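Since the structure comes first, as structure tokens, the remarks are kept for the end.
The values are calculated or read from the model by the stated rules, or taken from the named source; none is laboratory data. This structure is a prediction, so every number in the text was calculated from the model and none was measured. Here the Cβ is made from the backbone with ideal geometry for all residues, glycine too, and neighbour counts use every protein chain on show.
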Amino acid sequence: MVVENKGIISYIRILKEDLEILRIVPDGGTVPEFKAGQFVTLSLNNPDEGKLVRRAYSIASPPEKKKYFELLIRWVKKPLPGRLTTQLFNRKEGDEIGWLKPTGIFTVNEKMHDGSPDNRRLVLIGGGTGLAPFISYSLHLKAIGSKREIIVLHGASYVDELSYRELLTELEEESLDKGQDKWNFKYRASISRPHEPFNRSWGGQKGRVESFLRPEPGRDTSPLEEIVGERITPENTSFYVCGWQGTVDGVLDFLKPKGFVDERHKRKDGSYEIKFESYG
Ligand SMILES: Cc1cc2nc3c(=O)[nH]c(=O)nc-3n(C[C@H](O)[C@H](O)[C@H](O)COP(=O)(O)OP(=O)(O)OC[C@H]3O[C@@H](n4cnc5c(N)ncnc54)[C@H](O)[C@@H]3O)c2cc1C
Ligand SMILES: NC(=O)c1ccc[n+]([C@@H]2O[C@H](COP(=O)([O-])OP(=O)(O)OC[C@H]3O[C@@H](n4cnc5c(N)ncnc54)[C@H](OP(=O)(O)O)[C@@H]3O)[C@@H](O)[C@H]2O)c1
């Protein structure tokens, strides 16, 4: 049976007209147990339809944050205004919203297929709002004192869509300050429309986020391999990808010929090193 819960939108941070970070405080005051990478289903009444519309949103806050769920949401404008997001972007702080308890399988593996600890490097690739689950992963892994190497790669069309840039930069600075034996974290972003005037100050990686995996013409190593300083192999790295299906496909096209296997096509022994979640 679906149990509809209520909550209050406690905070809205508008990043741009169609992109915002919001927090929801559940009635009762405490966020239920969930795992980093899971999503919450929001429900709002759509007056045009006279019924509730429900949609899934990845939780960006970590499970340790008990006061609120934090979400990163795009207002879908085209080709038709999205049924839930158009309602949501008209809501204000203090308004009520419905939610269903968190669920989902896009969670970070702490163990290998054989039960041994998974100590491989984590490469977390987010396209646009597909960054959200990786904010939860990163903050959770930090909260539990994980020593794994974590690389967050974020792709966006415009520089002002690099949501969580300050947080992710701070997490990397902390890694440099404390030492990688204590907290091993790197963040890199890529801008896919570098020639647009708005992006003219961008000096980082250019192209869609999967371009981090592709060696530049005339080079033997990919930008990602240059960041980590060694060849990426299924033995030393696991990948998590979230965003458009095209982003997932771009990553798979690159990794599969190198012997990487995804969760939906596990090897006979149950092993794999790519997990993904996509929609649209
Ligand atoms: C597991 C999961 C996690 C997600 N996490 C996030 C997240 O963290 N952040 C985020 O922003 N999104 C996330 N999404 C996407 C989110 O669930 C919604 O799909 C999205 O917000 C659009 O919902 P909507 O009701 O506003 O749009 P909808 O009304 O569902 O419309 C979606 C698109 O279809 C088009 N469309 C609808 N009806 C028609 C029609 N009749 N003819 C032609 N086109 C049509 C709309 O114009 C729009 O482009 C996630 C999805 C999943 C499955
Ligand atoms: N857990 C989940 O399943 C989850 C969580 C959050 C979001 N999502 C989904 O992720 C998608 C991201 O939406 P968004 O509005 O945040 O993204 P966006 O800002 O439109 O795009 C983000 C980046 O992805 C690129 N991109 C766009 N379409 C692409 C395609 N078909 N193939 C490869 N790359 C593409 C963009 O490049 P260009 O500049 O070239 O367009 C941009 O660099 C949506 O489908 C959303 O519903 C899923």
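Restricting to region 24-57, what's the tally of residues that are under 23 Å from residue 109 (Cα atoms), away from ligand 2 (no atom under 16 Å from the Cβ) and crowded, with 19+ Cβ neighbours inside 10 Å?
1
Quick grid of which residues meet (1) in contact (Cβ under 8 Å) with a residue 12 or more places away in the chain; (2) within 16 Å of ligand 1 (Cβ to nearest atom); (3) surrounded by 21 or more Cβ atoms within 10 Å (Cβ to Cβ); (4) of a type in the set (Gly, Ala, Ser):
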{"residue": "118", "(1), (2), (3), (4)": "yes, no, no, no"}
{"residue": "124", "(1), (2), (3), (4)": "yes, yes, yes, no"}
{"residue": "133", "(1), (2), (3), (4)": "yes, yes, yes, no"}
{"residue": "141", "(1), (2), (3), (4)": "yes, no, yes, no"}
{"residue": "147", "(1), (2), (3), (4)": "yes, no, no, no"}
{"residue": "151", "(1), (2), (3), (4)": "yes, no, yes, no"}
{"residue": "165", "(1), (2), (3), (4)": "yes, no, no, no"}
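Please count how many residues of region 100-114 are over 21 Å from residue 24 (Cα atoms) and assigned to a strand (DSSP E or B).
1
What residue, of 137, 57, 68, is hydroxyl-bearing (Ser, Thr, Tyr), assigned by TED's automatic domain parsing to the domain that holds residue 184 and touching a residue at least 12 places away in the same chain (Cβ under 8 Å)?
After ruling out the rest, the residue left standing is 137.
Select, from 56, 36, the only residue that is within 30 Å of residue 146 (Cβ to Cβ), touching a strand residue (DSSP E or B) at 6+ places or on another chain (Cβ under 7 Å) and small (Gly, Ala, Ser).
Result: 56 is the single residue among 56, 36 that is within 30 Å of residue 146 (Cβ to Cβ), touching a strand residue (DSSP E or B) at 6+ places or on another chain (Cβ under 7 Å) and small (Gly, Ala, Ser).
Counting only residues that are closer than 22 Å to residue 20 by Cα and either hydrophobic (A, V, I, L, M, F, W, C) or in contact with a Cys (Cβ under 6 Å, 6 or more places away or on another chain) (or both), how many does region 140-175 have?
The qualifying residues number 8.
So how many residues does region 234-260 have that are more than 24 Å from residue 58 (Cβ to Cβ) and surrounded by 13 or more Cβ atoms within 10 Å (Cβ to Cβ)?
The total comes to 3.
Could you grab me the full set of residues in region 1-54 that are in a strand (DSSP E or B) and in contact with a Pro (Cβ under 8 Å, 6 or more places away or on another chain)?
Within region 1-54, 5, 6, 7, 26, 39, 40 qualify.
Given (1) in contact with a Phe, Trp or Tyr (Cβ under 8 Å, 6 or more places away or on another chain); (2) in contact (Cβ under 8 Å) with a residue 12 or more places away in the chain; (3) not in a loop (DSSP other than H, G, I, E, B), identify the lone condition not met by residue 84.
With (1) in contact with a Phe, Trp or Tyr (Cβ under 8 Å, 6 or more places away or on another chain); (2) in contact (Cβ under 8 Å) with a residue 12 or more places away in the chain; (3) not in a loop (DSSP other than H, G, I, E, B) applied to residue 84, the lone miss is (1).
Within region 195-228, how many residues turn out to be in contact with a Phe, Trp or Tyr (Cβ under 8 Å, 6 or more places away or on another chain), surrounded by 16 or more Cβ atoms within 10 Å (Cβ to Cβ) and aromatic (Phe, Trp, Tyr)?
Total satisfying the criteria: 0.
Here is a list of conditions, (1) modelled with pLDDT of 95 or more; (2) surrounded by fewer than 21 Cβ atoms within 10 Å (Cβ to Cβ), and residue 81 meets all of them except one; can you say which number that is?
Every listed condition holds for residue 81 apart from (1).
Is it fair to say residue 108 is within 20 Å of the chain's Cα centre (by Cα) and either under 22 Å from residue 146 (Cα atoms) or buried (at least 17 other Cβ atoms within 10 Å of the Cβ) (or both)?
For residue 108, the condition - within 20 Å of the chain's Cα centre (by Cα) and either under 22 Å from residue 146 (Cα atoms) or buried (at least 17 other Cβ atoms within 10 Å of the Cβ) (or both) - is met.
Has region 123-143 got any residue that is under 18 Å from residue 262 (Cβ atoms), more than 16 Å from ligand 2 (Cβ to nearest atom), under 18 Å from the mean Cα position of the chain (by Cα) and not in a helix (DSSP H, G or I)?
Within region 123-143 (the criterion being under 18 Å from residue 262 (Cβ atoms), more than 16 Å from ligand 2 (Cβ to nearest atom), under 18 Å from the mean Cα position of the chain (by Cα) and not in a helix (DSSP H, G or I)), the answer is yes, since at least one residue qualifies.
Restricting attention to region 71-81, which residues are in a loop (DSSP other than H, G, I, E, B), in contact (Cβ under 8 Å) with a residue 24 or more places away in the chain and either more than 13 Å from ligand 2 (Cβ to nearest atom) or not hydrophobic (A, V, I, L, M, F, W, C) (or both)?
Within region 71-81, 77 is the sole residue that qualifies.
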